[in-house]
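Values quoted throughout were computed directly from the atomic coordinates according to the rules given, and no laboratory measurement underlies them. No experiment lies behind these values; they were computed from the predicted model shown. Here the Cβ positions follow ideal geometry from the backbone for every residue, glycine too, while neighbour counts run over all protein chains shown.
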Amino acid sequence: MSDEQGTPADQPLISEFASDPDMIEIVEYFVEELPKRVAAIRSAVTDSDAQSLKTLAHQLKGAAPGYGFTVIGEAAGVLEASLRVSDGSIEGVMGQVEDLASLCQRVRIR
Amino acid sequence: MTIGAAQPNDNVPIVLVIDDCVDVHRLLAARLRNEALELVCETSGEAGIERVHQIEPSLVLLDLDMPGMDGFEVLRRLKDETSTSDVPVIVLSGMQSPSDKVTAFDLGAVDYITKPFDLMELRVRIRSALKMRHLIQMLAQRAQIDGLTGLWNRAHFDERWADETKRAERSGSPLSLAVFDLDHFKQVNDTYGHPAGDTVLQGVARLIQNIARQADIACRYGGEEFAIIMPDTTPEHAINLCERIRVAIIEADWHGKPGQRITISAGVAGSTGQTSIGRAEWIEVADRNLYRSKSEGRNRASMTDVGSKGPRLADAG
Ligand SMILES: [Mg+2]
């Protein structure tokens, strides 16, 4: 995912609806709340709470595209699907958790 | 006035969202901000169903994938219940599975919208569902209005009489029924012709409608017969109202069409709150009073309190 100079992985991730006046207010809300969602995902990992992790991934999968962050929705969907096949094992989905978290880290309002 | 209540409701339609995800509530509120509708949101199937009963929304937007009671079950329950089965439901589906959509249609959904929402699609589907709802309601209402007089028709009377008698029985509140019949109407038709007869029916209907109150249900019961269902009205109040109608009709000026005074006879059967009378028998008692008014010389109203033991007869007019 990363290489040396000006990598996509370092670029800010902006909502597809960033210029939609109807949407800007709730997109901002989503962006401001996003670190909390990531923190909740991280603590589910720490607690080895696969059930909560799955719920959080499911919610983010559903919510993110609506705010114009399709890729985050997809990454959350991948995590949710991986949890289903990993049969409750958190270690097996750490890669997907990190992918999702690093995407979320790049999110900016504008 | 009854007909006021019969006009299609021009209030802003209420759209109820049932989705466990509050993000969806927020997104819909933002997306539909400029639409002529009021959005109400619930996060569970159970709470959603309760809300439908409470606010009678014009449209439900229903998530399929919810913890606890899912959207399919909500849909099934809404459709199973007569009072909610007519509310149109659009399914919100995050799942791409076509079989879910088919199931939702089988269960009675009118449409589906896929999440994440496409703005234009969302708006046109909601508008079209609301428009359809409006037209269906208008047609249903028209089917219950008498074409000549604009009053409710007999079919509506039967429906409302069943509803109101049940309601009065449950709540123990007063309820009265008044039936009217124009005096010597055949003679009016024979002497002045049917157009004059129609003018009389329309004029009498207008007077009845003007004097009846907001909650009264004024109906054309038959040819020259009218009826008013008066919820929360004691027989004493009911006969007063009949008296005002009777006086208004005899005082009406028909401007030569027909060239004679018109009178009306009335019969009232009403309960002050406690009654064991059946609803068919209740109508018979009102009818008997009407014929008593006729036999005692017409242009009068007679009344029975069906709530008290041993029907008590009283007169006015
Ligand atoms: Mg859901």
inquiry  = Let's test this: bin the Cα-Cα distances of region B:47-122 at 10 Å from zero up to the farthest pair and state each bin's percent.
reply    = 19, 55, 25, 1
task = State, as an integer percentage, the relative contact order of region B:154-316 based on alpha-carbon contacts under 8 Å between residues 6 or more apart.
result = 28
note = Placing +1 on each Lys and Arg Cβ and -1 on each Asp and Glu Cβ in the protein assembly as shown, then taking the dipole about the Cα centre, the residue among B:TYR112, A:ILE90, A:LEU53 whose Cα reaches farthest towards the positive end is B:TYR112
remark   = Extension length gain for A:GLN105 and A:ASP49 (0.36 nm per residue less Cα distance), in nm, is 17.9 nm
inquiry  = How would B:ASP100, B:ASP158, B:ASP305 line up from fewest to most surrounding beta-carbon atoms within 10 angstrom?
reply    = B:ASP158, B:ASP100, B:ASP305
inquiry  = Through the Karplus equation 6.51 cos²θ - 1.76 cosθ + 1.60, θ set to phi - 60°, convert the phi angles of region A:82-88 into ³J(HN,Hα) values in whole Hz; use x for Gly and Pro.
reply    = 5, 4, 5, 7, 6, 6, x
Computed [θ] at 222 nm, helices only, for chain B once each DSSP H run of length n ≥ 4 contributes -39500 (n - 2.57) = -15000 deg cm²/dmol
task = Apply the membrane-span-like helix rule to chain B: whole DSSP H runs, Cα extent along the own long axis of at least 27 Å, mean Kyte-Doolittle hydropathy at least -1.0. List the helices found.
result = B:119-142
task = Sort B:TRP254, B:TRP152, B:TRP282 so that the residue with the fewest other Cβ atoms within 10 Å of its own Cβ comes first and the one with the most comes last.
result = B:TRP254, B:TRP282, B:TRP152
ask   = So what is the relative contact order for region A:53-110, in percent, with contacts set as C-alpha pairs under 8 Å and at least six apart?
value = 28
note = Listing B:VAL110, B:VAL89 by rising number of other beta-carbon atoms within 10 angstrom, fewest first, gives B:VAL110, B:VAL89
Simple spin-label estimate for B:GLU50 and B:LEU135 in nanometres, 7 Å along Cα-Cβ = 3.7
query = What FRET efficiency comes out for the pair B:ARG279/B:ASP253, r = Cβ-Cβ distance, R0 = 41 Å, nearest 0.05?
reply = 0.60
ask   = Gain in length, B:ALA36 to B:HIS194, computed as 0.36 nm per residue apart minus the alpha-carbon separation, to one decimal in nm?
value = 52.3 nm
message = Given an 8 Å cut-off on Cα distances and at least 6 residues of separation, report the relative contact order of region A:15-108 as a percent.
response = 29
task = Using amide H atoms built 1.01 Å from N in the peptide plane, name the residues 5+ places from B:LEU92, or on other chains, whose amide H lies under 5 Å from its own.
result = B:LEU62, B:ASP63, B:LEU64, B:ILE113
inquiry  = For a 26 Å ceiling on Cα separation, which of these pairs sit above it: B:LYS166/B:LYS186; B:LYS257/B:LYS294; A:LYS36/B:LYS101; A:LYS54/B:LYS79; B:LYS79/B:LYS115?
reply    = B:LYS166/B:LYS186; A:LYS36/B:LYS101; A:LYS54/B:LYS79
